[in-house]
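Visitor: Let me give you the structure first, and then I'll get to my questions.
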């Protein structure tokens, strides 16, 4: 039951991140929306999977996947943002 | 439940696909690709967990690693310019 709630929350957060990725104005804004939505959505979704299907079936690798997402999400966001800034893309003023 | 989750994940994968298709800059396309990688990994994990097909979990983990490496490699390559 609570696993379903977590799954739905993760899917909603992924969808909201996607909408932000589609609707925001500049590259940095889209990067922020996608980064936050992806990490939060993936975390909630995987926690929901663990809660719904039980620990012995899928637990260890899903926890490893959660840790991997929490670790590499900010890293890839930072890599893209730094590359954009070095190549002369500037944030919009207003 | 399994079909519903997969269909919902595919629906959430449409906006990154659109941004990958028509991002004005390279950075938008990279963001869309990274976002799409996350959704594909989650779809693999969900399919593995719901179908009880455990080896797909390892595939999902390997896909996550390779997707992250690809994103960082393309970002670092584009940071140095076209040479």
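The values are calculated or read from the model by the stated rules, or taken from the named source; none is laboratory data. Being a predicted model, the structure only gives us computed values, none of them experimental. Virtual Cβ from ideal backbone geometry, glycine too; neighbours counted across all protein chains shown.
Visitor: In the stretch A:28-52, which residues are over 8 Å from the mean Cα position of the chain (by Cα) and within 17 Å of residue A:8 (Cβ to Cβ)? Walk me through it before giving the result.
Guide: Going through the stretch A:28-52, the residues over 8 Å from the mean Cα position of the chain (by Cα) turn out to be A:28-33, A:44-52.
Across the stretch A:28-52, the qualifying residues are A:44, A:45, A:46, A:47, A:48, A:49, A:50, A:51, A:52.
Visitor: What single numbered condition from (1) closer than 26 Å to residue A:52 by Cα; (2) exposed (fewer than 14 other Cβ atoms within 10 Å of the Cβ) fails to hold for residue B:37?
Guide: (2)
Visitor: Working carefully through the options A:51, A:7, A:65, A:31, find the one that is over 27 Å from residue B:78 (Cβ atoms), facing chain B (nearest Cβ under 7 Å) and either touching a residue at least 40 places away in the same chain (Cβ under 8 Å) or not in a helix (DSSP H, G or I) (or both).
Guide: Working: A:51 fails: facing chain B (nearest Cβ under 7 Å); A:65 fails: either touching a residue at least 40 places away in the same chain (Cβ under 8 Å) or not in a helix (DSSP H, G or I) (or both); A:31 fails: over 27 Å from residue B:78 (Cβ atoms).
That would be A:7, the only listed residue that is over 27 Å from residue B:78 (Cβ atoms), facing chain B (nearest Cβ under 7 Å) and either touching a residue at least 40 places away in the same chain (Cβ under 8 Å) or not in a helix (DSSP H, G or I) (or both).
Visitor: With the requirement that a residue be surrounded by 20 or more Cβ atoms within 10 Å (Cβ to Cβ) and closer than 30 Å to residue B:24 by Cβ, what does the stretch A:1-19 give you?
Guide: A:10, A:11, A:13, A:14, A:17, A:18
Visitor: Now, a different point. Just the residues that are more than 9 Å from chain A (Cβ to nearest Cβ), at pLDDT 90 or above and in contact with a helix residue (DSSP H, G or I) (Cβ under 9 Å, 6 or more places away or on another chain), please, taken from the stretch B:48-72. Please lay out each step first, then the result.
Guide: Filtering the stretch B:48-72 down to residues more than 9 Å from chain A (Cβ to nearest Cβ) leaves B:51, B:53, B:55-56, B:59, B:62-63, B:66, B:69-70.
Subset that is at pLDDT 90 or above: B:59, B:62-63, B:66, B:69-70.
B:59, B:63, B:66, B:70, listed by residue number.
Visitor: Kindly establish whether residue B:23 is surrounded by fewer than 20 Cβ atoms within 10 Å (Cβ to Cβ), closer than 22 Å to residue A:39 by Cα, within 7 Å of chain A (Cβ to nearest Cβ) and touching a helix residue (DSSP H, G or I) at 6+ places or on another chain (Cβ under 7 Å). Spell out the reasoning first.
Guide: Values: surrounded by fewer than 20 Cβ atoms within 10 Å (Cβ to Cβ): yes; closer than 22 Å to residue A:39 by Cα: yes; within 7 Å of chain A (Cβ to nearest Cβ): no; touching a helix residue (DSSP H, G or I) at 6+ places or on another chain (Cβ under 7 Å): yes.
Judged against the criteria, residue B:23 is not a match.
Visitor: Do the conditions hold for residue A:22, that is, is it at the interface with chain B (Cβ under 7 Å from one of its Cβ atoms) and crowded, with 17+ Cβ neighbours inside 10 Å? Write out each step before concluding.
Guide: Numbers: at the interface with chain B (Cβ under 7 Å from one of its Cβ atoms): yes; crowded, with 17+ Cβ neighbours inside 10 Å: yes.
Criteria met by residue A:22.
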